[in-house]
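**Student:** Submitted below is the structure of interest, expressed as structure tokens.
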């Protein structure tokens, strides 16, 4: 072989004739094909495997994009690159171009979480703080846009690098979404599926703007301080409880305990008196007197039995357009303290002609605070 043949052979060995990428990692999103100053041979083969996209960049400009398959790199397969390089009539010589392989498979089980507590305003509990965390899944939907807007000149771009950006985006959009949802605080933890779907719809367009498709988004847990959680549980029990039935049940238990008291005739008399009072109350609830004439005759004389306890004033109240009650004065105080009712809640009792705001009911004004006795009279 003459000297010119050896030079030609040496030069041809420096030209790349196969362009491909074998991914041996689980976290690489974009990889720049290294050619080490070698030029790509005219007619070289480009091999793009399933789950990959090849992107050609010419002097910083996005050129041709190839999906899975095997291609002969010619003018016909590189129309944009041919235009950028001015190959009007085809080309026969090797050429230089940056080739990026983008991993387009689904990246799953990526973690996200709120770095700082999110402050929300609740109608009943005031300002509260919550935290949230979960997982998401994404894939590259537009390789060219992703290379141009995110990767830049990075030769080995991993999902760790993009995750830092995505997690910040998710935390910001999650905060905005839960703030605009304006749900009662206890419903955030109970409706994570619906909230997850809403957040994904809100975030998806921003992911798409850089060539990423947000495939899945899950909220795994919404947490809050323990003292607030206990308060919510207690409030939930009170809200579901029939306070009238609870009062009657506790009264019956107190009578039972008093009747079993072995403290002498005073205890026995109290037990008998409360027993008769309960019998009268239950008889009234049953719609009439259940005692027969002999039983009535057997009752002790009026002088030996204490008179019936004075009837308590019972109140009805309204929340969210629904009537509740009747409840006692002390139960009204508890409802006000737990913020179930407030100064503007509508109240009705026997003798009132219409529903009236709590702040206008004389005996309930004490709930509002600020009551002081009048000055003593001067002589």
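Taken together, the values in this text are just the output of simple stated rules run on the coordinates, not laboratory data. Worth saying up front: this structure is predicted, and the values here are computed from it rather than measured. Ideal geometry is used to build each Cβ from the backbone, glycine not excepted, and the neighbour counts take in all protein chains shown.
**Student:** Stretched out fully, how many nm does the piece from residue 305 to residue 320 gain, at 0.36 nm a residue minus the Cα gap?
**Tutor:** Working: separation 15, 0.36 × 15 = 5.40 nm, distance 4.52 nm.
In short, 0.9 nm is gained.
**Student:** Separate question: Tell me the relative contact order for region 315-368 as a rounded percent, counting alpha carbon contacts under 8 Å between residues six or more apart. Intermediate values should be presented prior to the final figure.
**Tutor:** Details: 63 pairs, mean separation 16.4, N = 54.
Relative contact order for region 315-368 comes out at 30 percent.
**Student:** Using Stokes-Einstein with the Kirkwood hydrodynamic radius over Cα pairs, what translational diffusion coefficient do you get for region 3-103 at 20 °C and a viscosity of 1.002 mPa s, in µm²/s rounded to a whole number?
**Tutor:** Details: Rh = 14.3 Å.
Here the translational diffusion coefficient equals 149 µm²/s.
**Student:** Would you please give the FRET efficiency between residue 356 and residue 259, computed as 1/(1 + (r/R0)^6) with r the Cβ-Cβ distance and R0 = 30 Å, to the nearest 0.05?
**Tutor:** The formula returns an efficiency of 0.15 here.
**Student:** Can you tell me how much longer the chain between residue 216 and residue 34 gets when fully stretched, taken as 0.36 nm per residue apart minus their C-alpha distance, in nm with one decimal? Could the numbers behind the result be given before it?
**Tutor:** Details: separation 182, 0.36 × 182 = 65.52 nm, distance 3.35 nm.
Result for the pair: 62.2 nm of gain on full extension.
**Student:** Tell me the Rg and the Dmax, in Å, that the Cα atoms of region 315-368 produce.
**Tutor:** Cα-based Rg and Dmax for region 315-368 come out at 9.8, 28 Å.
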